[in-house]
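**Student:** Questions regarding the structure given below will be posed in turn.
FYI, it's all coordinate maths here, none of it is from the lab. All values reported here derive from a predicted model rather than from experimental measurement. Ideal geometry is used to build each Cβ from the backbone, glycine not excepted, and the neighbour counts take in all protein chains shown.
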């Protein structure tokens, strides 16, 4: 086969520059920085935390809008698919490293305290969080089912299942928000309540942030489904 039949030159695959990844990195970087400063009592900590959250959401929305407007040929999709998959692998590795560090901190603190949770710490309810966890696990099954429906060309039913997945994630966040509010209002248990409080709110907060970002991305997927952007063989962004 001649080289002419394999048009993969740089001229036919122009790069699509975007400033949104840098903006997103700034926003994500401000969130933990602001959190740490807030725990330390710095007056700018809460502001930096809120700023990071707003920038992160804005960057995700802006980046998604830019991708929706980007017109790619079939060859571009094949070429980009390789880089998108590699990028997703790196993302998963980084997420595992972050959660691993949080769990390592938790077990390190647990082994260095004579009693864990420490004396004076509130009793943490387990029944409602267990229900929330079950809902979140169920959402992974529903989105997988939605993917299988898309592969079969059943786009309308696929959209409905994606909505169900978003609903399950939203219920999880509502339960977590109620749990936080109850602990702070009735037990005066906050992120500043010693090592246990900091560890608890850092781990649950980081998890909640991931679920929130996931809901935003799923909402974008739903919009793209309605616009007909996904097909049986072209739906990498759905996965």
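**Student:** Roughly how far apart, in whole Å, are the Cα centres of region 20-48 and region 116-187?
**Tutor:** The two parts, judged by their Cα centres, are 26 Å apart.
**Student:** Further, regarding this structure: Would you mind ranking 24, 46 by Cβ crowding within 10 Å, fewest neighbours first? Numbers along the way, then the final one.
**Tutor:** On the way: 24 19, 46 13.
Fewest-to-most Cβ neighbours within 10 Å comes out as 46, 24.
**Student:** Which of the peptides 158-170, 48-60, 99-111 is most tightly packed, and how do the rest follow, judged by the mean count of other Cβ atoms within 10 Å per residue?
**Tutor:** 158-170, 48-60, 99-111
**Student:** What percent do you get for the relative contact order of region 71-238 when only Cα pairs under 8 Å and 6+ apart count?
**Tutor:** Computed over region 71-238, the figure is 23 percent.
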